[in-house]
Every structure is written in C-alpha cells, then in structure tokens.
Amino acid sequence: MLFDGIHSLMKRDLTAHYQMYDEISIDYYSAYQVNAIIGLIIQWYRQDFEDSVSTLNKQLAAILRIGD
C-alpha cells in the first residue's frame, strides 16, 4: 500500500511537472523513485528513527535535487 500511494503521487507529479525522455516510461521511472524513497524510510527505521521527520524530508529533498 505504501508503494502504491507514493507511486500514484510520484506519477502525478512527474506527469504534471517534468518532461520525460521518450525512451523512459513514467511508470518505470516513478517506480524507481518510489523504491528509493522507501529505501530511505527503511534506513531511517534501521537507525531507530534517530533523525526527525524534518531532517528526513530535508535529506530527501537534497537527494532529489542531485538529479536536476
């Protein structure tokens, strides 16, 4: 359910705001991004939620900007 919820949001955002290359499927690209986000959440869990939600959000935003 977590994957599906994030995937839906990611696809909506990508469709509305980004120009995708013809050879890259929005479904695959958004699935790739969602799994990366879930990986961050798993790492946060493994660190016993030491960082705040705000810190995690800042980390995610910084990581996503790397690809821009």
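What to note about this one:
Yes/no matrix, rows are residues, columns are (1) assigned to a loop (DSSP other than H, G, I, E, B); (2) touching a helix residue (DSSP H, G or I) at 6+ places or on another chain (Cβ under 6 Å); (3) open to solvent by less than 100 Å² (accessible area, probe 1.4 Å):
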residue: Gln19; (1), (2), (3): yes, no, no
residue: Ile24; (1), (2), (3): yes, no, yes
residue: Ile38; (1), (2), (3): no, no, yes
residue: Ser54; (1), (2), (3): no, no, yes
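- Residue check: Tyr45 meets all listed conditions (1) exposed (fewer than 11 other Cβ atoms within 10 Å of the Cβ); (2) hydroxyl-bearing (Ser, Thr, Tyr); (3) in contact with a Lys or Arg (Cβ under 6 Å, 6 or more places away or on another chain) but one, namely (3).
- Remark: pairs (first residue in segment 29-46, within 10 Å of His7 (Cα to Cα); second residue among the charged types (D, E, K, R); Cβ separation under 8 Å; 6+ apart in sequence or on different chains) = Ser30/Lys11.
- Condition met for Ile6 (out of contact with any His (no Cβ under 7 Å at 6 or more places or on another chain) and surrounded by 10 or more Cβ atoms within 10 Å (Cβ to Cβ)): yes
The values are calculated or read from the model by the stated rules, or taken from the named source; none is laboratory data. Keep in mind the model is a prediction, meaning the values are calculated, not measured. Reconstructed Cβ throughout: ideal geometry from the backbone, glycine too, with neighbour counts over all protein chains shown. These accessible areas exclude ligands, DNA and RNA; they are computed on the full protein's heavy atoms, side chains included. Shrake-Rupley method; radii C 1.70, N 1.55, O 1.52, S 1.80 Å.
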